[in-house]
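One structure below.
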Amino acid sequence: MAQRSSHRRPSRRCRFHRSLSFPDTVDAALRVEKVGNFSVTFAIALFGSADKMLSATERFIEVFTGRISLKSSPIGKDAHREMEGRTCCQRRR
């Protein structure tokens, strides 16, 4: 029986550039920086909606692992292709 994959975050870095406060609206952007054989590197940016100023940035790595073995497992070709060069944005209040 094949193992399903799980995800681990062995590396993460967040930098705060300026404050945001409730009830401000926050714009968030998520970008795939790199897709490797076993991991994906993501970058997130948070912006204050009113002035569009950068408030925080985060970079983290997701490693695909076997759920039982917890050893790294390869990212499937379809998932690899789907993630390459992806960017999405969302607005939250």
*asked:* Could you give the length gained by full extension between Ser72 and Ala43, i.e. 0.36 nm per residue of separation minus their alpha carbon distance, to one decimal place?
replied: 8.3 nm
_Checking the cross-link filter: which lysines have an alpha carbon closer than 30 Å to that of Lys52, excluding same-chain neighbours under 8 positions apart?_
Lys34
*With each pseudo-label sitting 7 Å past Cα toward Cβ, what's the Thr25-Arg12 distance in nm, one decimal?*
2.8
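We did not get these values from a lab; they are worked out from the coordinates using the rules stated. All figures in this text were calculated on a predicted structure; none of them were measured in a lab. Ideal geometry is used to build each Cβ from the backbone, glycine not excepted, and the neighbour counts take in all protein chains shown.
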